[in-house]
Amino acid sequence: MLSKEDIRKELIKRELAKKSILHYTRCIIENIYEKEFLEAWFHGYIAELYHEVFNGNIDEFLITIPPSYGKTMMTTSAISWHLGHYAQAKHIYTSYGGDLSGEVSGEIRNIVKNPAYQNIFSDTLISNTKDKESEWKTTKGGGVFSTGTVGVVTGKHATGGGVFIDDPIKASERNSHAAIQASINFYTDSLAS
């Protein structure tokens, strides 16, 4: 049984998580993944940039850090945190492969379904009518649509949410002009329209 002090600390953590993407990320990693958050200075900076995007102060930014340093983790945290505040927000998540983008979308969905998330954002629930890994909705009409950079986004909009491009090309294709151009074309011809 939890002591009154433990309950007080948990409630403070939940309140901080509602206000801050960085605090929220700590809670998610500790309570859902049951790991320690190996926090670096740039995680706080990325969280602040996401706050600025969601507040309408900046339209876009680019994260350039090496693989396995937390870009995707911070993005999944930012999207699920934002849905906790605005369950009607629609987000588009893309990556170089449809399978990878679907996995990340599914991970965000699993976070939202988790009791630890529900302890923070109890009003954001997944709809029973649209609950696939690659596309899911909340009961308030928001959610995530994911696709690879060769996929189709026709008819999909990031209303009230954001468009997230994570690893648009495979690391093995980073020197391929054709792969880079295909990624640019996907952004300019499909996503930006």
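The values are calculated or read from the model by the stated rules, or taken from the named source; none is laboratory data. Everything numeric here is computed off the predicted structure, so don't read it as measured data. Neighbour counts are summed over all protein chains in view; Cβ atoms, including those assigned to glycine, are modelled from backbone coordinates with ideal geometry. Just the protein is used for accessible areas: all its heavy atoms, side chains included, with ligands, DNA and RNA removed. Shrake-Rupley method; radii C 1.70, N 1.55, O 1.52, S 1.80 Å.
Counting residues in region 11-24 that are surrounded by 15 or more Cβ atoms within 10 Å (Cβ to Cβ) and touching a Cys at 6+ places or on another chain (Cβ under 7 Å) gives one or more. Selection of first residues in region 56-78 that are at negative phi and of second residues that are in a loop (DSSP other than H, G, I, E, B) and surrounded by 12 or more Cβ atoms within 10 Å (Cβ to Cβ), restricted to Cβ pairs under 7 Å at least 6 apart or on distinct chains, gives the following pairs, ordered by first then second residue: K71/I63; K71/I65; K71/D166; T72/D166; T75/D166.
Picking from residues in region 25-53 that are in contact (Cβ under 8 Å) with a residue 60 or more places away in the chain and surrounded by 20 or more Cβ atoms within 10 Å (Cβ to Cβ), the one that is nearest to the chain's Cα centre (by Cα) is I28.
Would you call I58 under 30 Å from R174 (Cα atoms) and in contact with a Lys or Arg (Cβ under 9 Å, 6 or more places away or on another chain)? The answer is no for I58. Residues that are more than 25 Å from I65 (Cβ to Cβ), touching a residue at least 40 places away in the same chain (Cβ under 8 Å) and surrounded by 13 or more Cβ atoms within 10 Å (Cβ to Cβ) within region 152-193 comprise V153, K156, G160, listed in sequence order.
Could you tell me whether Y96 is on the phi < 0 side of the Ramachandran plot and at pLDDT 95 or above? It is false that Y96 is on the phi < 0 side of the Ramachandran plot and at pLDDT 95 or above.
Given the criteria over 22 Å from I169 (Cα atoms) and among the polar types (S, T, N, Q), does T129 qualify? Yes, satisfied.
Restricting region 107-151 to residues that are basic (K, R) and part of a helix (DSSP H, G or I), the residue that is most open to solvent (accessible area, probe 1.4 Å) is K113.
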